[in-house]
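Accompanying notes for the structure given below.
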Amino acid sequence: MGVRRAMDILLDAANEKNGDGKVYTDGPLIHNPQVLEYLEKRGIHVVDGQTDLSRTTVVIRAHGVTPNRRKEIEGRGAKVCDATCPHVMRVQSIIKKYAAQGYSTVIVGDKGHAEVIGLLGYAEGKGYVVQELEEIESLPPMDKVCIVAQTTQDRRMFKEAIERLKKRYANCESFETICSSTYKRQDEIISLSKSVDAMIVVGGRGSANTTRLVKICESQGTPTFHVETDAELDLEKLKEYDTVGVTAGASTPNWMIKRVVDKVHSFKVSNYRRLLFGMKSIASYCIWSCMYAALGAASLSYASTVLLGIQPRFSFCLIAALFIFSMQVLNRFSNKEAVALNEPASEKFYEKKRTLFICLGITGAVASFILGLMLSRSIFFCIFLASLFGIFYRLEIIPKRMSKIIRYRSLEKIPGSKEIFYSIAWAVSTALIPFLEVQRSFVPSLLTAMAFAFSLAFVRAVVIDIRDIQGDRILGKETIPIAIGKERTKTILIIITAVIAVLLLLSPWLGWVTTLGYYLLPCVAYACGYQYLFQKKMVTEGLLPETIADFNFILAGIMAFIWKSGHF
């Protein structure tokens, strides 16, 4: 929690930009070289002794600093942005309170660790660090002792230290200062270590939290491998073990964990699970290749056509499928960094088949143009204009010299534009194209069909963006969850699903669309259902999020087919 909160505070500071726009961190914000590289690309650097801090912002990391260090930073002209973890702040306040009452402080933790150094600064010169239990015997005489722990300390070791200190010193006050999530994770890892043949711990080697997890796993007698990235995995050594567990340090980003898990999954498959793995590989191919999304577009086009009261045609479904397929495939190549962070397995898949999918993406776009032209010029121009928006979406069309007047130099930089343009593309390809073909003039039916398609796509896009918020923030993207916050975003999604439910209930009654509107209400309920699953983090990793979210488009087609079968 502390590291994630500190990252959010840092990225907020980077967006606000104080003074000349420079933002620094007082020490590495996170013990992960890969994340630090991304931060440096955004112009966020670590303070050193030569850094000119006048009119800059310095973010104090989650470990906290000594009071003197904070005064020093402020004295050098910087605006201080405090991202100290609330758990660490609590320990600081305990030490400060008891030091004022004449207590000496004993901190059970790692000597030289940034958090411990910061805590010692509140002990008024009467602080001692115990890293090993044997060191307790060498502590000097003390009248009153305040005992605390580094927030990521091993809970078992801390309890033993308290017992030994209380035996040695008559007047002791001890406090449980280990972060609750830390000791819960430690308990879970002990349990997991006992049930597997080997453990993999993912995280930076400079992270005390991660190295402690390694020691805990090893203490259970379980062979343990500590890796920073998936590239460090020794697959030959893993051959020796049937069951492998994976855990990670608190500062390890999600995408790093995903890469390791995906690599282990692809390698460690027992014989009796090979069939299941083969089926999963086929499903993976369909989703990563965007064929699943194309099927969803064809299904939603069929549903929209029936909703409008138009006779379904294969050409409508094919145009929608080709257009959405090409849009999503080409978007993955133009948005490589985000895909690499949020969907590492997908990024590797595309890199291996780069030429093939670029050709398929372009072919899909051209084929949709040709089919549109064969139907009518209005459909052709509709698809062509939608494609132009996709092409120019990331181009900086506003000159750099005008950046002070116009903040957003490209459509991509406009907060929320990603979700809005994505949803418009779905609504245009699945609802507007059939409407244009029959040249109807009854606008309410078109608005209803487009609103339904737009809302399904919008909810899907925003829910996935909530899941990917960590990676998107690091890359500087301004999706809707980032721009207005997750809670407000969830409120917007509730409002949208409620409005579309009311529209589907009223539109058939008003004669705007067919009674299929009633049959599409399960799609709204389904959208609410997977929003709940995502919010409760019951579905967050692997292929499941896209599989579940995109199925709603297919569900719309199924409901339309059921309705139409009953009306023959």
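Being assigned to a loop (DSSP other than H, G, I, E, B) and either surrounded by fewer than 23 Cβ atoms within 10 Å (Cβ to Cβ) or modelled with pLDDT under 85 (or both) is a condition met by at least one residue of segment 462-471. Checked against the criterion of being of a type outside the set (Asp, Glu) and under 25 Å from SER301 (Cα atoms), the candidates ILE484, ILE469, ILE500 yield just one match: ILE500. For segment 60-115, a residue qualifies if it is basic (Lys, Arg) and within 25 Å of ARG156 (Cβ to Cβ), and the qualifying residues are ARG90, LYS111. The single condition among (1) farther than 22 Å from ILE9 by Cβ; (2) assigned to a helix (DSSP H, G or I) that TRP512 does not meet is (2).
Only a single item in (1) crowded, with 21+ Cβ neighbours inside 10 Å; (2) touching a strand residue (DSSP E or B) at 6+ places or on another chain (Cβ under 6 Å) is not met by THR152, and it is number (2). Within segment 189-202, the set of residues being within 17 Å of ILE257 (Cα to Cα) and assigned to a helix (DSSP H, G or I) comprises ILE189, LEU192. All of GLY102, GLY43, GLY127, GLY109 fail the test of being closer than 22 Å to ILE162 by Cβ, small (Gly, Ala, Ser) and within 34 Å of the chain's Cα centre (by Cα), apart from GLY109. When segment 47-89 is filtered for residues that are hydrophobic (A, V, I, L, M, F, W, C) and either within 15 Å of LEU29 (Cα to Cα) or under 27 Å from the mean Cα position of the chain (by Cα) (or both), the ones remaining, listed by number, are VAL47, VAL58, VAL59, ILE60, ALA62, VAL65, VAL80, CYS81, ALA83, CYS85, VAL88, MET89.
Within segment 530-537, the presence of a residue that is under 24 Å from ILE310 (Cβ atoms), in a helix (DSSP H, G or I) and open to solvent by less than 70 Å² (accessible area, probe 1.4 Å) is excluded.
Which of the following residues is open to solvent by less than 20 Å² (accessible area, probe 1.4 Å) and modelled with pLDDT of 85 or more: THR252, THR222? Step by step, each of THR252, THR222 is checked, and only THR222 is open to solvent by less than 20 Å² (accessible area, probe 1.4 Å) and modelled with pLDDT of 85 or more. Of (1) at pLDDT 75 or above; (2) in contact with a Gly (Cβ under 9 Å, 6 or more places away or on another chain), SER304 satisfies all except one. Which? Unmet condition: (2).
Residue by residue through segment 282-318, note down the ones that are hydrophobic (A, V, I, L, M, F, W, C) and part of a loop (DSSP other than H, G, I, E, B).
Within segment 282-318, CYS290, ILE310 qualify.
Taking each residue of segment 456-483 that is closer than 20 Å to SER334 by Cβ and among the polar types (S, T, N, Q) and looking for partners that are in a loop (DSSP other than H, G, I, E, B) and open to solvent by 30 Å² or more (accessible area, probe 1.4 Å) with beta-carbon atoms closer than 9 Å, six or more apart or interchain, yields THR479/PRO415.
For beta carbons closer than 6 Å, sequence separation of 6+ or different chains, a first residue in segment 305-323 that is hydrophobic (A, V, I, L, M, F, W, C) and a second that is open to solvent by 20 Å² or more (accessible area, probe 1.4 Å) and assigned to a helix (DSSP H, G or I), the qualifying pairs are VAL306/LYS564; ILE310/VAL438; CYS317/ALA298; CYS317/TYR302; ILE319/LEU371; ALA320/ALA298; ALA321/ALA298; LEU322/ALA367.
Only one of the listed residues (SER284, SER315, SER299) is modelled with pLDDT of 95 or more, of a type outside the set (Asp, Glu) and farther than 21 Å from TRP512 by Cβ. That residue is SER299.
State whether the residues of segment 168-175 include one that is of a type in the set (D, E, K, R), surrounded by fewer than 18 Cβ atoms within 10 Å (Cβ to Cβ) and without any contact (Cβ under 8 Å) to a residue 12 or more places away in the chain. No: segment 168-175 contains no residue that is of a type in the set (D, E, K, R), surrounded by fewer than 18 Cβ atoms within 10 Å (Cβ to Cβ) and without any contact (Cβ under 8 Å) to a residue 12 or more places away in the chain. With respect to the conditions (1) in contact (Cβ under 8 Å) with a residue 60 or more places away in the chain; (2) of a type in the set (Gly, Ala, Ser); (3) in a helix (DSSP H, G or I), ALA250 falls short on a single one, namely (3). Between LEU447, LEU432, LEU436, LEU456, the distinction of being under 27 Å from LEU533 (Cα atoms), hydrophobic (A, V, I, L, M, F, W, C), in a helix (DSSP H, G or I) and over 12 Å from the mean Cα position of the chain (by Cα) belongs to LEU456 only. Mind listing whichever residues of segment 300-320 are open to solvent by 20 Å² or more (accessible area, probe 1.4 Å) and of a type outside the set (A, V, I, L, M, F, W, C)? The answer is TYR302, GLY309, GLN311, PRO312, ARG313, SER315. Could you go through segment 27-37 and let me know if any residue there is modelled with pLDDT of 75 or more and in contact with a His (Cβ under 9 Å, 6 or more places away or on another chain). Yes, there is a match, as at least one residue in segment 27-37 is modelled with pLDDT of 75 or more and in contact with a His (Cβ under 9 Å, 6 or more places away or on another chain).
Meeting the requirement of 1 or more residues that are of a type in the set (S, T, N, Q), the strands (runs of 3 or more DSSP E) wholly within segment 27-142 are 57-60, 104-108.
Give me the residue from segment 330-358 that is basic (Lys, Arg) and modelled with pLDDT under 80 and, out of that set, surrounded by the most Cβ atoms within 10 Å (Cβ to Cβ). Only one residue fits best here, namely ARG332. Note on segment 165-214: among residues that are closer than 27 Å to ASP242 by Cα and of a type in the set (Gly, Ala, Ser), the one that is nearest to the chain's Cα centre (by Cα) is GLY203. For segment 321-329, the count of residues that are open to solvent by 20 Å² or more (accessible area, probe 1.4 Å) and not in a helix (DSSP H, G or I) is zero.
Among the listed residues THR491, THR547, identify the single one that is assigned to a helix (DSSP H, G or I) and farther than 17 Å from GLY296 by Cα.
THR491
Taken as a whole, segment 156-174 holds no residue that is in contact with a strand residue (DSSP E or B) (Cβ under 8 Å, 6 or more places away or on another chain), closer than 17 Å to GLN220 by Cβ and not in a helix (DSSP H, G or I).
If only residues of segment 376-416 that are open to solvent by less than 40 Å² (accessible area, probe 1.4 Å), over 17 Å from PHE325 (Cα atoms) and at pLDDT 75 or above are counted, the one that is farthest from the chain's Cα centre (by Cα) is SER376.
Could you grab me the full set of residues in segment 434-455 that are among the β-branched types (Val, Ile, Thr), open to solvent by 10 Å² or more (accessible area, probe 1.4 Å) and touching a residue at least 12 places away in the same chain (Cβ under 8 Å)? VAL438, the sole residue that qualifies.
The values are calculated or read from the model by the stated rules, or taken from the named source; none is laboratory data. Given the structure is predicted, the values throughout are model-derived calculations rather than measurements. Every residue, glycine among them, receives a Cβ derived from its backbone with ideal geometry; neighbour counts consider all protein chains shown. We work out accessible area using only protein heavy atoms, side chains counted, and drop any ligands, DNA or RNA first. Shrake-Rupley method; radii C 1.70, N 1.55, O 1.52, S 1.80 Å.
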